[in-house]
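Before any comments, here is the structure.
The values are calculated or read from the model by the stated rules, or taken from the named source; none is laboratory data. Fair warning: this is a prediction, and the values are worked out from it, not measured in the lab. Cβ sites come from the backbone with ideal geometry, for glycine too, and all protein chains shown count toward neighbours. Ligands, DNA and RNA are excluded from the accessible area calculation, which covers all protein heavy atoms including side chains. Shrake-Rupley method; radii C 1.70, N 1.55, O 1.52, S 1.80 Å.
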Amino acid sequence: MTIIWLIWIILQVLIGYNLYLPMVLFLCFNDRNENLPPAPEDDYGIIVTAYQQVDSLPAVVASLLKLNYSNYLIYIVADNCDISGLNFADERVILLRPENTIASNTGSHFYAIRNFKRPHTRVTIIDSDNLVDPEYLHELDKRFNQGFVAVQGIREAKNLNTTYARLDAARDIYYHYYDGKVLFGIGSSATLAGSGMAFTTKLYRDCLEDKEITGAGFDKVLQSIIVGQDLRIAFTDKAIVYDEKTTHSDQLVKQRSRWINTWFKYFKFGFTLLFKGIGNFSRNQFVFGLILLRPPLFIFLILAMFCMLANVFISLTAVLVWLFGFICFVLGFYIALAKSDTDKSIYQSLINIPKFIFFQVLSLLKVRNANKHSVATTHYYNAGEAGADKTKADEN
């Protein structure tokens, strides 16, 4: 009976610390505005990957061509795409269509790198549904100028046109604040978000060129290799990429099933970094490893609720500990929204969180077959509406 009780206690600790962690990180964080000086321009290869869909490419290219920067080339890798309708007159745009289907993010990235027109010092990854702020590259330069070799920008919502999109945006704000700004601010590394990130070309090649990564999750592998070398991934909330949020429930289920599959596949890296951090006395590795072990939000919230309800029949004290944990988590979530430029429609959508969690539970049930879904998320949002959404958000 003692062993069973001990296992029960350990299980609760492993689940419950996730409720308290955001507030602990926040209390260790000195939230100050940084005004970094301008940095000299470098040479960027901007890689845009598309798989099967090209409808959003003209918008992302138009956005990239408006960058207030003089030294970059755009490489579009149109994998398994019909490019007959694409026509980019600007000489800074290089359209690449692989002869054979790659169906891999890193495969497409290195296809672009092998076709670079010149040896770019830095590379940045942009999704085919993204738009970028005109100062995006200048803001990345400021972090590189501090000596960092990997930088994650911020991905803000391009669209808030449905409840799912607004809740998706709320989730992103939470992660960008704690896994980006706060983590970096306390001396660890920002987690990589799949796009809106930049590296020295040498680092990117050294980390991934000899690795074959199938399915989603190349960013999880990459960040583990970088932090495994005790290098820090910098974060800047001024290098802005506007990212398309999920608008349909079926889109949400397929996307999340891939993401959940990725967590189960790669969370083991957290143990490696945790032990490396202890051995190396590295705050960077230890804290980052702790973050990688954290399950997706909805999973640990459901497990935490189960533990609290189970303790109704076991220990009133434990119920109060769990209840206080939920209060801390909700407060931490609110802090992330309050400290960010959050549109009021996002606050109004929070009442629909149970529905959002329900569809993510459906994603969990489909996680075993996640990699059978397309490697790209189907885009339903009209890119031409992005400007109107952004203007509306600014007015609010």
Quiz prompt | Gained length - residue 65 relative to residue 323, 0.36 nm times residue gap less alpha-carbon distance | solution = 87.8 nm
Practice problem: Measure out, as a whole number of angstrom, how far apart the alpha-carbon centroids of region 72-131 and region 194-210 sit. | Solution: 15
Self-check item: Cross-link partners of residue 355 among aspartates and glutamates (Cα-Cα below 19 Å; sequence separation of 8 or more within a chain)
Solution: 168, 172, 250
Quiz item: On average, how much accessible surface per residue is there in the chain, in Å², for a 1.4 Å probe, leaving out ligands, DNA and RNA?
Solution: 47
Self-check item: Two-site label geometry, residue 88 and residue 316: point separation in nm, points 7 Å out along Cα→Cβ
Solution: 6.7
Quiz item: How much of the DSSP beta bridge set in the chain is antiparallel, as a percent to the nearest 5?
Solution: 25
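So what is the calculated 222 nm ellipticity per residue for the chain, using -39500 (n - 2.57) for each DSSP H run with n of 4 or more, over all residues, to the nearest 500 deg cm²/dmol?
-15500 deg cm²/dmol
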Exercise. Can you tell me the FRET efficiency between residue 331 and residue 80 if r is taken as the Cβ-Cβ distance and R0 is 41 Å, rounded to the nearest 0.05?
Key: 0.35
Self-check item: Ordering of 232-239, 288-295 by packing [mean C-beta count within 10 Å, highest first]
Solution: 232-239, 288-295
Quiz item: Hey, what does the equivalent ellipsoid look like for region 67-189, semi-axes from the Cα gyration tensor as sqrt of 5 times each eigenvalue, largest first, whole Å?
Solution: 28, 21, 15
Exercise. Compute the projected area of the convex hull of the Cα atoms of region 306-361, averaged over all viewing directions, and report it in nm² to one decimal place.
Key: 4.8
Quiz prompt | Cβ crowding within 10 Å averaged over residues, with 136-147, 193-204, 352-363 ranked highest first | solution = 193-204, 136-147, 352-363
Quiz prompt | 31 Å Cα-Cα threshold exceeded, pairs from 117/265; 142/268; 117/142; 66/202; 245/276 | solution = 117/265; 142/268; 245/276
Quiz item: Over what distance in Å are the Cα centres of region 298-356 and region 1-61 separated?
Solution: 18
Practice problem: Express the relative contact order of region 225-369 as a whole percentage, based on alpha carbon pairs under 8 Å and six or more residues apart in sequence. | Solution: 30
Quiz prompt | Pairwise label distance in nanometres, residue 283 with residue 361, each label 7 Å out on the Cα-Cβ vector | solution = 4.0
Self-check item: Ratio Rg/Rh, restricted to region 1-139 and using Cα atoms, in which Rh is the Kirkwood radius
Solution: 1.22
Exercise. For the chain, take the alpha-carbon Rg, divide it by the Kirkwood Rh, and send me Rg/Rh.
Key: 0.96
Quiz item: Taking the Cα atoms only, what angle lies between the long axis of helix 316-338 and the longest principal axis of the chain, rounded to 10 degrees?
Solution: 20
Self-check item: Straight-distance crosslink candidates among aspartates and glutamates, where the alpha carbon sits under 13 Å from residue 254 and sequence neighbours closer than 8 are dropped
Solution: none
Quiz item: Percent of accessible area on region 263-333 owned by carbon and sulfur, 1.4 Å probe?
Solution: 82
Practice problem: Calculate the spin-label point distance for residue 14 paired with residue 344, positioning each point 7 Å from the Cα along the beta-carbon direction, and give it in nanometres. | Solution: 4.5
Quiz prompt | Computed magnitude of the charge dipole of the chain (debye, nearest 20; Cβ of K, R +1, Cβ of D, E -1) | solution = 1160
Quiz item: Just the accessible area for residue 242, please: 1.4 Å probe, Å², rounded to the nearest 10?
Solution: 30
Practice problem: Set the Förster distance to 22 Å, then compute FRET efficiency between residue 6 and residue 271 from the Cβ-Cβ distance, nearest 0.05. | Solution: 0.60
Quiz item: Given Cα pairs under 8 Å that are at least 6 residues apart, what percent is the relative contact order of the chain?
Solution: 21
